[in-house]
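Inspection log for the structure reproduced underneath, given as structure tokens.
The values are calculated or read from the model by the stated rules, or taken from the named source; none is laboratory data. What you are looking at is a predicted structure, and each value in this text was computed from that prediction instead of being measured. Reconstructed Cβ throughout: ideal geometry from the backbone, glycine too, with neighbour counts over all protein chains shown.
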Amino acid sequence: MGSALASYALPKRGETVYKGVTPPSTFTQETTSLEGTLQAFKDVEPSTTGVGAKNYRSNRDVICRLMRNHSGITIQRRRLVTHASGYWNKRFDGYATLDNAANVAGVVDEHLNSTGVVDHDMCWVVVNGPTLVRTPLGADATNVFEEGTLLLALTAATSQCTTAGRVQPFYDTSSVTVATNQIKGILGVALSAKTTANTGGLTTTAAEILCDIQILKGVCS
């Protein structure tokens, strides 16, 4: 890495660029040049301590993009985020809210600790491969997943509410118009199953499922 970037380096999964130090509100070339970096990581189980998990979950690579939190709030791990206007593939501006949106950037690094990524800091966002993703809070059809189910973002009122940034199943039994619109928003497939009994209650830490996210198309792993 060149001397211009000597102060900052690509983080490990489970880390952010600023590593707990409060990020500045203005950004230098040292960090803006890192925005959008693609990196392949081996698929490993998240560790309860965050960094350093070595239990391999599969023989696949997980493709991640380093992105800056440009939302104004702290963003939590394992939730879907959307591209910030003018900073496509570089910054995200909040949680996904539309089931037919084509601007989902990916899933915030499942290896981050529960504090998430603060505003202006940078973290890995999964764009292709296995990752845990948060599911809906309620006990209805949107919270029932079978292995192999196609996935959409859950519809939510705002990009910063507790119901946003989660996945729901895609059902082709909807009207032709609805189904056609939703196809644009298909994010991948479920690799694990769950029922409404696994919601975790009406809390911000509802259950999670393992998903094969396929936002970055044409990547083989």
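For the stretch 33-72, which residues satisfy the criterion of being of a type in the set (Val, Ile, Thr) and at pLDDT below 95?
Val44, Thr48, Thr49, Val51
What residue, among those in the stretch 96-115 that are among the acidic types (Asp, Glu) and closer than 17 Å to Pro11 by Cβ, is surrounded by the fewest Cβ atoms within 10 Å (Cβ to Cβ)?
Among those that are among the acidic types (Asp, Glu) and closer than 17 Å to Pro11 by Cβ, it is Glu110.
So Cys211 clears everything in (1) within 27 Å of Trp88 (Cα to Cα); (2) in a loop (DSSP other than H, G, I, E, B); (3) touching a Ser or Thr at 6+ places or on another chain (Cβ under 9 Å); (4) modelled with pLDDT of 90 or more except one condition, right? Which one?
(2)
Would you pick out the residues in the stretch 68-93 that are in contact (Cβ under 8 Å) with a residue 40 or more places away in the chain, assigned to a strand (DSSP E or B) and more than 11 Å from the chain's Cα centre (by Cα)?
Arg68, Asn69, Arg91, Asp93
Given the criteria within 23 Å of Gln168 (Cβ to Cβ), part of a loop (DSSP other than H, G, I, E, B) and out of contact with any Asp or Glu (no Cβ under 9 Å at 6 or more places or on another chain), does Leu98 qualify?
Taking the combined requirement at face value, the residue satisfies it.
Residues are listed down the side, and each one gets a yes or a no for (1) more than 19 Å from the chain's Cα centre (by Cα); (2) crowded, with 20+ Cβ neighbours inside 10 Å; (3) modelled with pLDDT of 70 or more:
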| position | (1), (2), (3) |
| --- | --- |
| Leu154 | no, yes, yes |
| Leu187 | no, yes, yes |
| Ser192 | no, no, yes |
| Leu202 | yes, no, no |
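Test of understanding: among Val17, Val21, which residue is in contact with a Pro (Cβ under 8 Å, 6 or more places away or on another chain), over 26 Å from Ala101 (Cβ atoms) and either part of a loop (DSSP other than H, G, I, E, B) or modelled with pLDDT under 95 (or both)?
Result: Val17 is the single residue among Val17, Val21 that is in contact with a Pro (Cβ under 8 Å, 6 or more places away or on another chain), over 26 Å from Ala101 (Cβ atoms) and either part of a loop (DSSP other than H, G, I, E, B) or modelled with pLDDT under 95 (or both).
A quick yes/no check of all residues on (1) more than 11 Å from the chain's Cα centre (by Cα); (2) of a type in the set (Phe, Trp, Tyr):
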site	(1), (2)
Tyr95	no, yes
Asn100	yes, no
Asn103	yes, no
Val126	no, no
Ala141	yes, no
Phe145	yes, yes
Arg166	no, no
Pro169	yes, no
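Could you list, in sequence order, the residues of the stretch 101-125 that are assigned to a loop (DSSP other than H, G, I, E, B), among the aliphatic types (A, V, I, L, M) and under 21 Å from Thr158 (Cα atoms)?
Residues satisfying the conditions are Ala101, Ala102, Val118.
If you check Thr131 against the conditions, is it farther than 24 Å from Asp61 by Cβ and either of a type in the set (Ser, Thr, Tyr) or modelled with pLDDT of 85 or more (or both)?
When the stated conditions are applied, Thr131 does not pass them.
Is it true that some residue in the stretch 124-132 is among the polar types (S, T, N, Q) and buried (at least 24 other Cβ atoms within 10 Å of the Cβ)?
Yes, because at least one residue in the stretch 124-132 is among the polar types (S, T, N, Q) and buried (at least 24 other Cβ atoms within 10 Å of the Cβ).
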